[in-house]
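Here the structure is laid out as structure tokens; the discussion comes afterwards.
The values are calculated or read from the model by the stated rules, or taken from the named source; none is laboratory data. Remember, it's a predicted structure, so these values are computed and weren't measured experimentally. Note that each Cβ is placed from the backbone with ideal geometry, even for glycine, and that neighbours are counted across all protein chains shown. Note: accessible area is taken over every heavy atom of the protein model, side chains too, but ligands, DNA and RNA are not part of it. Shrake-Rupley method; radii C 1.70, N 1.55, O 1.52, S 1.80 Å.
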Amino acid sequence: MRIVNQLDEAYQLFRAERIDRKKCGLVPTMGALHEGHLRLVERARAECDFLAVSIFVNAMQFNDKGDHERYPRTVQADLDLLAAKGVDMVILPTDQEMHPEPIQFQVVPSGLSEVLEGASRPGHFAGVATVVMKLFHVLSEGLAYFGEKDFQQLAIIKRMVVEFHLPISVIGVAIVREADGLAMSSRNMLLSKEERAAAPALHDSIEVLRRGYASGERRVESLVQQAKTELAKEPLFKVDYLCVVNPATLDLLEFAEDNSRILVAANIGLVRLIDNSVVGAIDAQK
Ligand code: PAF
């Protein structure tokens, strides 16, 4: 497995593989890898001839400095996991390599990025879109894999590829959950014992909403109320949003239907957790 710190070197390696008619894949990450990331890597490994994973804790996408400082960093363990998965290249740039100072350009999305996470975390999606655009230039052409846990991020990246005519297929991979339903996330490492015990309540609230839908309720106001009542049983959580949206436009819905998406974000202590699920289908993860 090659570890590459320079973006130009990574670009040249992808290019050489493409000239050799190899299908190239990229899994962008911020490290602190868990089973959810590994599922992306396994899927990508099965579908690509040459597979790269990037590890870069992108300060630009953190609207809160403390959140950036606290973000877990486990580079050596990450490299060991990726080597065991047969990854060909790890792209591990420095801050200066990724975002040379003085920074004068950003990819600033609108529309999809202005609601939900975007409303609560100003500048977050500009930071995400900018770093992903840079990584997509390095990949140039091929497949890129993202987790569905960051559902809004995935929607924005898919839209970015369309609007900028990038020859990259963006593939979303289903959420991986702990046995108690908590969606896997690097941020889970930051939870205290008490917070970790409380954290599955987020997924429980989604399940309450899904059950309400399965029993015939379609009014989102009533479904959301039931889910919020469930989440309120866990006083450690402070809900930011809990809603049902159109999965393509992220528009809030008044009436839920089979393909609608439940999105939830809540803070527990200093940690922000997000989760989501489709309405009206069996959650194969649990
Ligand atoms: O989902 C993440 O881990 C990050 O937002 C990403 C896509 C790697 C960009 O920094």
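For the stretch 1-31, filtered to residues that are touching a strand residue (DSSP E or B) at 6+ places or on another chain (Cβ under 6 Å), free of Cβ contacts under 8 Å to residues at least 60 places away in the same chain and farther than 19 Å from PHE56 by Cα, the residue that is nearest to the ligand (Cβ to nearest atom) is GLU17.
Of all the residues in the stretch 151-180, those that are in contact (Cβ under 8 Å) with a residue 24 or more places away in the chain, out of contact with any Asp or Glu (no Cβ under 8 Å at 6 or more places or on another chain) and assigned to a loop (DSSP other than H, G, I, E, B) number 2. Of all residue pairs spaced 6 or more apart or on separate chains, those with beta-carbon atoms under 8 Å, a first member in the stretch 241-259 that is of a type in the set (Phe, Trp, Tyr) and a second member that is surrounded by 12 or more Cβ atoms within 10 Å (Cβ to Cβ) and assigned to a loop (DSSP other than H, G, I, E, B) are TYR241/LEU116; PHE255/ARG218.
Scanning the stretch 42-67 for residues that are within 13 Å of the ligand (Cβ to nearest atom), in a helix (DSSP H, G or I) and open to solvent by less than 40 Å² (accessible area, probe 1.4 Å) gives MET60, GLN61, ASP67. Which condition from (1) open to solvent by 50 Å² or more (accessible area, probe 1.4 Å); (2) closer than 24 Å to ALA119 by Cβ; (3) in contact (Cβ under 8 Å) with a residue 60 or more places away in the chain is the one that GLN225 breaks? Status for GLN225: all satisfied but (3).
If you go through the stretch 108-150 and pick out every residue that is within 12 Å of the ligand (Cβ to nearest atom), in contact with a Phe, Trp or Tyr (Cβ under 8 Å, 6 or more places away or on another chain) and assigned to a loop (DSSP other than H, G, I, E, B), you end up with 0.
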